[in-house]
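Participant: Here it is, the structure, as structure tokens.
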Amino acid sequence: MALVGGISEVEGSANSVEIDALARFAVDDYNNKQNALLEYKKVVNAKQQVVAGLMHYLTLEVMDGGHKKLYEAKIWEKLWLNFKEVQHFKLVGDAPSATSS
């Protein structure tokens, strides 16, 4: 159960259509604002906070020039107003590689 003002893990976020759509929205917003070409891959972690709506905290894996990178996105959403806005989107580092030699 969500605690008002508290940040909580989003259960089943890896398979959530809603979380996936928010992640794609954040990457598209960044690409448009920065004239970038990030390619969304998957959500690594998702949390949310009940505010005047919901604040979503997502860690995303993207491809940037052939390299896997991790970004953090903070998205404010008010469903009753059909409103969503990327508050924060930043690089946190390279994504772990699963390739073996």
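The values are calculated or read from the model by the stated rules, or taken from the named source; none is laboratory data. Everything numeric here is computed off the predicted structure, so don't read it as measured data. Glycine also receives a Cβ, built like all others from the backbone with ideal geometry; neighbour counts cover every protein chain displayed. Quick note on the areas: whole protein, heavy atoms, side chains included, nothing else; ligands and nucleic acids left out. Shrake-Rupley method; radii C 1.70, N 1.55, O 1.52, S 1.80 Å.
Participant: Rounded to the nearest 20 debye, what is the charge dipole size of the chain about its Cα centre when +1 sits on each Lys and Arg Cβ and -1 on each Asp and Glu Cβ?
Facilitator: Around 140 debye, computed over the chain.
Participant: Quick one: ranking Val92, Val10, Val27 by accessible area, 1.4 Å probe, largest first, what do you get?
Facilitator: Ranked list, largest accessible area first: Val92, Val10, Val27.
Participant: Further question: If the chain between Asp29 and Leu79 were fully stretched, how many nm would it gain, using 0.36 nm times the residue separation less the Cα-Cα distance?
Facilitator: 16.2 nm
Participant: Measure nothing but the geometry: give the 0 to 90° angle between the long axis through the Cα atoms of 17-34 and the longest principal axis through the Cα atoms of the chain, rounded to 10°.
Facilitator: With both axes taken from Cα atoms, the answer is about 60 degrees.
Participant: According to the square roots a ≥ b ≥ c of the eigenvalues of the Cα gyration tensor, what is the shape class of segment 42-87, taking rounded for a/c under 1.5, prolate for a/b larger than b/c otherwise, and oblate for the remainder?
Facilitator: Note, shape of segment 42-87 comes out prolate.
Participant: Could I ask something else about it? Under 20 Å from the Cα of Lys41, which lysines turn up, not counting those fewer than eight places away in the same chain?
Facilitator: Lys41 reaches Lys33, Lys68, Lys69, Lys74, Lys90.
Participant: I would also like to ask the following. Could you please put His56, His88, His67 in sequence from largest to smallest accessible area, using a 1.4 Å probe?
Facilitator: His67, His88, His56
Participant: OK, next. Starting from the Kirkwood radius over alpha-carbon pairs of the chain, derive D by Stokes-Einstein at 4 °C in a medium of 1.567 mPa s and give it in µm² s⁻¹.
Facilitator: In µm²/s, the coefficient is 92.
Participant: Can you work out the FRET efficiency for the pair Val51 and Ser97, with r the C-beta to C-beta distance and R0 = 30 Å, to the nearest 0.05?
Facilitator: The pair Val51/Ser97 has a calculated efficiency of 0.25.
Participant: Between Gln87 and His67, what FRET efficiency follows from the Cβ-Cβ distance if R0 is 35 Å, with the result rounded to 0.05?
Facilitator: 0.85
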